[in-house]
Structure formats: structure tokens, C-alpha cells
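First comes the structure, then the notes that go with it.
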Amino acid sequence: MWWQQPVTFLKGIGPKKAEELANVGIFTVGDLLEYYPRQEAYIDYGALKKINELKMDGSRQVFKASVYNARNGMGAHGKRYTLVTVRDETAYASLYFFMNQSYSARKLKPGMELLVMGRVRPGKATRVVSEVNVQLIEAGEELQPRIEPVYALSGGLTQLNLRKWMRQALALAEEELPESLPQAIVEKCNLPDRLTALKNIHFPGSWQALKEAKRRFIFEELFLLQCGLLSYRQQNHDQRQGVKHGPDGEKIAQVLAHLPYTLTPQQQQAWGEISADMAKDQPMHRILQGDVGSGKTVISALALAKAVENGYQGCIMAPTEILARQHYATLQEYLEPAGIRVGLLVGGMRVKARRELLLNLELGLIDVLVGTHALLEEDVRFARLSLAVTDEQHRFGVEQRARLATKSALAPDVLVMTATPIPRTLALTVYGDLDISLMKGRPPGRKPVQTLCYNEAKRSQVYEGLLRQVQAGRQAYIVCPLIEESETLEARSAENVFAELTHKSKGVLRSVPCALLHGRLKPAEKEAIMAAFAAGETKVLVSTTVIEVGVNVPNATLMVIENAERFGLAQLHQLRGRVGRGSQQSYCVLLTGVDTPEALARLQVLRDSEDGFYLAEKDLEQRGVGQLFGLRQHGLPDLRIADIIRDTETIAQVRKLAQEELTKPQALDEIKRLVELQFGQRFAMIFNT
């Protein structure tokens, strides 16, 4: 099949060009056809303008010019750039190429004729063009009125290379090209066929044809991604008989009666969904996505109680020992009044104590086991496990969750919990194999955290205020973006801040028990430092973001975040969630070293809202998916044309269609074939987990 042939199958591609194509992810002729032009980066030769006709409104425009000269420069924050001056018979313009574009800028010599596309804004003396894409006009080349694609390049590749090879590949496609969507879906959704769409995404006959081609491939990519996630769920989720738990009974009532507060409406809804899942004979696969401090542990306690009152056992796995111990203490408080026996398994236990614990577990004398990764070890055997809970699930891989679920002859219900808010549409992709329960808001008795923002000039006053909080019997966190001082980044480091504040003669906190915490410490050291802070022995913890997901310390009422402008809103919200966990008023102080309107406006969003899901939406808008959330750790393939933020409506549409398609007889094999055709090895992590 020609589309599976290496790119050297095409004329003009030798080993060197094949290597350069491999650098941008193109290995086969099929990969080449799916190497779509950059979004919004098509050149309309019918819309060429003279330089003096360019509108200075920030829009993308195309013009023809010759290179006048080029020089290197240094911008704000040490950002290197190359400034290329171009001209035509009407005026001059300045093209700015930043570091990642320098390879193309170096090739530009005086007198070269260029086709330039970029965003045009007013400059001091000339029009300034940024986000520049240039194409060398060969001697004698005529620019016919047409729409041309612009591809991302690497090494010695040129636009002319890519267009020539793309036309060869399209000629092969004319003779034979497999469809990559079910025909019924193509017709139902009024999509162009694959060949027509490929022609029009690379060499569109009109802007409308291009729009339809993009719609087709965005739909295709998201539809097959959802099919892959859903078929993964059908194929790889535990197919053994599940445990059909009975209606909520006496132990659930006892746990509810001993809670320090009544469940919030959000908690009641989440518990209703989980309880209903546990009453089915199919295994539950659900994620409880709760905002910071929304009370997820209470819901897990109810689920564990439900397992026990039906004659089974439950377990909960946490990513760190300190978090496991915290869960153990909380679950003892909630469950033991109902006669539920809770055990704790962590690394480093004495051999005799561990052996006794595991024997009691296997005999059914322990109802609920709390632990770390130690739960996954082979000698940990349950008598009758029916519920496996994983906390802070993004710290564990899919494989580890699956291993926990094999600790029983039955197929246990699986509940995973996370405090990382993700907008629902994105969650449908990231957690495509799980049902989703959302929880917002705080349990009664917790006051909103007051968020304040100050510049460098207020630092000494902020730390004097922190000292007063400590003297009043409270504790505090100080979070820094760096561990140690950096030559390239202007930001406060945890080591320097700790040294400055605890200096024996000048430090504001010289008489206060403080500790320094960061990711380079050994796990045992980190655990000991966090344990001392949780016990109240340490009053101020100077840290990096390793405390983003950490222990519950109700006595911590102040968090100071250095260089707050360097963090995303979602991460700032996670950090802020470390305080405000008791009944006392708590504060989060954002110290910023910049005063640009954009940075201050972004931090203002955090001051005005405590809704983690809203802040995650804002972070997506401002920083993009990759910055907000590492999709790679979930085994998701890269998307070539779809955009999870922009295409939210399409995601909802294709998920529903994928669910319908996979209920049809024989559909699974066909869908798997199409998914593998589209994603190949890029989807292997999901299919083969």
C-alpha cells in the first residue's frame, strides 16, 4: 500500500531529505498527506498588497518585498531576535524573527525577493511585522492568483519541496485512498470525502472548500480519538463480573451521622452518582473531580463504608506517605464509629507489623486499607476487595490503577479522585475512559481565602505580616518558582528566600522554626519535613511547588507566592488551596515583580474567583492545553489539526456519535482498524495499556 511506503518512495526525496522530514514527524507517504498546513497560514496570491497599503491593525496580511538588511538584537527579558528590513517601491517594513525562527532569518540576504506573511502593527518609523512567515521567490517565478499552503519547516526543507511532494502524494491518492471514517458518519454529518478534503486542505480551490476540508479533518481526528478512548474502555476495562452492592444501609447512616457537617448539594449529587454505580453489577469506572477543598475524602469514606456494609473490603491509594497517613487519620475518624476497621500500609514498616497487617487483611479482619504504592506489591492480598480508590490520580499511570484492580477475584469498582480542575469538555478527552463526577464549593465552616496582590516594594511589609500570623499561633507557606538562583531567569529561589528570612542577625524569621522543601530532596527527607509541618513543629515552610498537592494543615492560614506572574492560574489556585482548610480566616498573597497590565489583569482573575473550573478555563484561554495539563502522561496522542480548546462543540458531538457507533454489531473491529490507520503507534499507549 503506497501510503505505508517510506517517503523515499516519492521522487526527489533521498536519505538526507527523509531525515529532515523525520524531524517533523513524517516517515511515510501517508504521514506526508496528513502533515497539514499551519492554521491560518495560507497565502492568498490574489490579496497581495504594497507595503504602504498594509493595515496596521494586527491582522495577518501578505505582501511582496526585497531584503534591504538584517541585524541581531536583544529584547525585554533577554529575548534574542533578528530584525530584517524589507522594502518595495512604496515603503519599508521591519520583520521580527525570534530565536526559534533564527534558522530562516539567517538565510535572508540583501536583494532576495520574498513573499511575506505576518501580523502588521505600527512601529516607530516603519510598519512592524511579527509572527512572520517568509517564502523565497525564485527567479522567474510568477505568482498566479491562488491559495497556497504554508507548512512548518525544519532544517533544509522549503515550502516548494513540501508542495511538490504533496502533489505527488495526492496523485497517488487519486488512484487509491482508503476512507478513514465510517461511510454512514460521513453522510450523516455531511462531510466531504477524504480525497476531496485532502486536496482542499493542501491546495484549496476556494476559502469555503478549505473551511469544509478543515471541518472534516478536525471532526475525523476527534471522532477517532473518542472512539479509541471508548473502545479502550470496552476492551481493557475489567470484563469480570462486578460486585452488585445493595442500597445504602446502616453503616452509611452511621458515617453520615458522625460527619462534622451535612453534605453540600454538590457532595450529595456526587455521592448519588457513585452509590448508583456501585449498585450495578458492572464494575464502576468513575473519576471524582473535586475543586480544592471541596470534601472529596468524605465521599470516598461513604463509598468505602458501602463496600464494607455489603461484606467486602475497600482500599485507597495515595501518592505519598504523608498523604496516606492523612487519609488514614481522617478515615479512622469517619469510619471507626461505624465499626469499620481501618489499616495503614506504607513503605518502611517493621517486618513484624507489616506481616501481621497483611495476615489480618487476607483473613478479612481489616475492612479498609490505606496506603501508598506499597498496596501494589504482590504479597498484599485481600479477602474480598470490592472497591479500589486512587487519590490524586494524575500521579499514577493507568497501568498502576489496573494493577490495583487485580487484587481481587472479583472485578472491583474503581474510583479515582483528583483536585486538578479541568474544564468538562477537556475532561471528556483526558478522562475519556471514565465517567465523571464534578464537585465545586467548600464544605460548611470554611471561609473563602482572601487573595491579595502586591509588588516588590511591599515585600518587607508582607513578611512582617507573616511574622504576626506566626506569633498569633498560625503557620504559613512561602512558595518560590525556583529551587536555586538562576543566571537566565529573574525569579526568587527557595534557597535564597529561606537564607534571607532565616539569617541569624537580619532575617525576619530568625527566631521562627522554618524548613526548606524542594523536589531535589530525598523522598524520606520530604516526608519528614512535611510531617513536622503537619504536626505544628515547623511554623513556616519555604517551598517550591512540591506542596501543590499536599497535606491538610488547618492551622496554616497564610500563603505567600513569590513571582506569582510565573505561575498559571490553575496552579496558583492549587497552591492557594493549601490554606483555608480550617475555621480561621486565611490569606494568599501574590508577590509580583512585573507591573504590565496583562500580568496584573491575569492575577486579578485569581483575586476575583475561587472557582477552580472557571480558572482552568481562563488558563486554557491564556496558556493553552500543554501548559495547563500534561496530556502526554495520560497516553494521549498528539493532535495534528484539532484543538481541544477551540473545538469544544465538536468534542461533545463526536463523543455522542462514537458512543452510538460502538453499540453497533461488528463496529468495534472496524473502529479499531480506523483508529490504528489514523493514529498508528501514536495511539498504542491507550490501546495496549
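The values are calculated or read from the model by the stated rules, or taken from the named source; none is laboratory data. As the structure is a computational prediction, the values presented were derived from the model and not from experiment. When we count neighbours, we look across all protein chains shown, and the Cβ atoms used for this are built from the backbone with ideal geometry, even at glycine. Only protein heavy atoms, including side chains, enter the accessible area calculation; ligands, DNA and RNA are left aside. Shrake-Rupley method; radii C 1.70, N 1.55, O 1.52, S 1.80 Å.
Remarks
- Pairs with Cβ under 7 Å, 6+ apart, first in region 167-185 and more than 29 Å from residue 666 (Cα to Cα), second open to solvent by less than 30 Å² (accessible area, probe 1.4 Å) and of a type in the set (Phe, Trp, Tyr): 172/2
- Residue in region 613-634 that is under 30 Å from residue 219 (Cα atoms), at pLDDT 85 or above and buried (at least 16 other Cβ atoms within 10 Å of the Cβ) present: no
- Of the residues making up region 155-202, those that are over 25 Å from residue 7 (Cβ atoms), open to solvent by 30 Å² or more (accessible area, probe 1.4 Å) and at pLDDT below 90 are 183, 184.
- Positions within region 266-286 being open to solvent by 60 Å² or more (accessible area, probe 1.4 Å) and either in a loop (DSSP other than H, G, I, E, B) or under 14 Å from residue 307 (Cα atoms) (or both), in sequence order: 280, 281, 282
- Qualifying residue in region 366-373 (condition: surrounded by fewer than 19 Cβ atoms within 10 Å (Cβ to Cβ) and charged (D, E, K, R)): no
- Criterion violated by residue 132 - all others in (1) at pLDDT 80 or above; (2) open to solvent by 20 Å² or more (accessible area, probe 1.4 Å) satisfied: (2)
- Complete set of residues in region 448-485 that are free of Cβ contacts under 8 Å to residues at least 60 places away in the same chain and of a type in the set (A, V, I, L, M, F, W, C): 457, 467, 472
- If the condition is being under 29 Å from the mean Cα position of the chain (by Cα) and buried (at least 16 other Cβ atoms within 10 Å of the Cβ), then region 506-530 contributes 516, 517, 518, 526, 527, 529, 530.
- The combined condition, being within 21 Å of residue 483 (Cβ to Cβ) and not charged (D, E, K, R), is not fulfilled by residue 512.
- Residues that are within 16 Å of residue 412 (Cβ to Cβ) and either surrounded by fewer than 22 Cβ atoms within 10 Å (Cβ to Cβ) or more than 23 Å from the chain's Cα centre (by Cα) (or both), drawn from region 287-302: 300
- Any hit, region 453-461, residues being aromatic (Phe, Trp, Tyr), open to solvent by less than 50 Å² (accessible area, probe 1.4 Å), under 30 Å from residue 596 (Cα atoms) and modelled with pLDDT of 80 or more: no
- Inter-residue pairs, beta-carbon under 8 Å, first in contact (Cβ under 8 Å) with a residue 24 or more places away in the chain and in region 505-534, second of a type in the set (Lys, Arg), 6+ apart: 512/539; 513/539; 514/539; 517/526; 531/325
- Search result, residues across region 303-321 that are at pLDDT below 95 and open to solvent by 20 Å² or more (accessible area, probe 1.4 Å): 319, 320, 321
- Residue within region 210-221 that is crowded, with 21+ Cβ neighbours inside 10 Å and at pLDDT below 90 present: yes
- Within region 322-348, if we keep just the residues that are under 37 Å from the mean Cα position of the chain (by Cα) and surrounded by fewer than 16 Cβ atoms within 10 Å (Cβ to Cβ), the residue that is farthest from residue 312 (Cα to Cα) turns out to be 348.
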